[in-house]
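Heads up: the structure comes next, in structure tokens.
The values are calculated or read from the model by the stated rules, or taken from the named source; none is laboratory data. This is a predicted model, so every value here is computed, not measured. When we count neighbours, we look across all protein chains shown, and the Cβ atoms used for this are built from the backbone with ideal geometry, even at glycine.
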Amino acid sequence: MNETKSKLIEAEKIAEQLFKAIEEHQLIKPGKSENDLNDEIFKLADELFGIKKYWHKRIVRSGVNTLVPYDDNPTNLTIEEDDILFLDFGPILEDWEADFGRTYVLGQDPYKHQLKRDIELAWHEAKNWFHQQTTLTGAAFWLYLVELAKKYGYTYGGQLGGHLIGHFPHERLEPKNYGLYVHPENHNNMFLPDANGNKREWILEIHFVDRERKIGGFFEQLLT
């Protein structure tokens, strides 16, 4: 295993521990605003792991806001009884990036619990399919994810389905150039090395929504 992959896996393990700590500390409760929960998670991450920096904005989305893609900034909602919400955090750990997202359900609504299960199953299905390929454009992978959402009975809700990750700051392109994203405008082979000849490492993120029921779910972690 190369150093980059090893460091990224270490960073992701700490991100996963943070999410488990969020559950253990029972931070996700009805009556709390998304912003308040966000601040509490930020504080917990600093106290437990010394995490002070994030390479992208920290996201807590609940209720109807779970329909909203990453780039939008919806109104701050209060978490409700029997709610669904997701967290998307990108902590930097010793200058290595993690990107971790999970969906949570409060209460016993069977459909919301089914959405949570489906999105995790779909993520692993997409990962397995990706690793069967030897050449694949970001656009082709995007189309696969859109069809995968339909297969599970949902609509794909995100603006992209994944992105590059690495040592902070990872390889970047100018705005609106989607060559390093799982995106319909990326016609580059995801298996090509970077400009220095190094293997690229990718994050896979899946965002499924049910617009009729006005809920969505999210699951994200290392793909490669």
Task: Residue within the range 70-78 that is touching a strand residue (DSSP E or B) at 6+ places or on another chain (Cβ under 7 Å), crowded, with 20+ Cβ neighbours inside 10 Å and of a type outside the set (A, V, I, L, M) present - done: no
Task: Matching residues in the range 69-81 - criterion: being part of a loop (DSSP other than H, G, I, E, B) and either touching a helix residue (DSSP H, G or I) at 6+ places or on another chain (Cβ under 7 Å) or in contact (Cβ under 8 Å) with a residue 40 or more places away in the chain (or both) - done: 69, 70, 71, 74, 76, 77, 79, 80, 81
TODO: Go through the range 187-221 and count every residue that is more than 30 Å from residue 110 (Cα to Cα) and outside any strand (DSSP E or B).
DONE: 13
Open item on the list: Which numbered condition in (1) surrounded by 18 or more Cβ atoms within 10 Å (Cβ to Cβ); (2) without any contact (Cβ under 8 Å) to a residue 40 or more places away in the chain; (3) part of a loop (DSSP other than H, G, I, E, B) is the only one that residue 65 fails?
Closed with: (3)
Task: Qualifying positions in the range 7-23 - without any contact (Cβ under 8 Å) to a residue 40 or more places away in the chain and within 30 Å of residue 200 (Cβ to Cβ) - done: 13, 17, 20
Task: Hits in the range 135-153 (condition: outside any loop (DSSP other than H, G, I, E, B), among the β-branched types (Val, Ile, Thr) and within 22 Å of residue 200 (Cβ to Cβ)) - done: 137
Open item on the list: Looking only at the range 108-161, count every residue that is within 15 Å of residue 183 (Cα to Cα) and not hydrophobic (A, V, I, L, M, F, W, C) and tell me the total.
Closed with: 9
TODO: Of all residues in the range 94-124, count the ones that are in a strand (DSSP E or B) and crowded, with 21+ Cβ neighbours inside 10 Å.
DONE: 7
Open item on the list: Take the residues in the range 24-41 that are in a helix (DSSP H, G or I) and free of Cβ contacts under 8 Å to residues at least 24 places away in the same chain; name whichever of them is surrounded by the fewest Cβ atoms within 10 Å (Cβ to Cβ).
Closed with: 24
Open item on the list: When you check residue 147 against the structure, is it more than 16 Å from residue 98 (Cα to Cα) and at pLDDT below 95, yes or no?
Closed with: no
Open item on the list: Looking at the range 154-167, can you tell me whether even one residue there is loosely packed, with under 12 Cβ neighbours inside 10 Å and either of a type in the set (A, V, I, L, M) or assigned to a loop (DSSP other than H, G, I, E, B) (or both)?
Closed with: no
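Condition check ((1) in contact (Cβ under 8 Å) with a residue 12 or more places away in the chain; (2) farther than 19 Å from residue 120 by Cα) across all residues:
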{"site": "182", "(1), (2)": "yes, no"}
{"site": "186", "(1), (2)": "yes, yes"}
{"site": "196", "(1), (2)": "no, yes"}
{"site": "201", "(1), (2)": "yes, yes"}
{"site": "206", "(1), (2)": "yes, no"}
Task: Residues located in the range 42-62, provided they are of a type outside the set (Phe, Trp, Tyr) and part of a loop (DSSP other than H, G, I, E, B) - done: 50, 51, 52, 53, 56, 57, 58
Task: Test result for residue 132, closer than 21 Å to residue 222 by Cβ, part of a loop (DSSP other than H, G, I, E, B), at pLDDT 95 or above and of a type outside the set (A, V, I, L, M) - done: yes
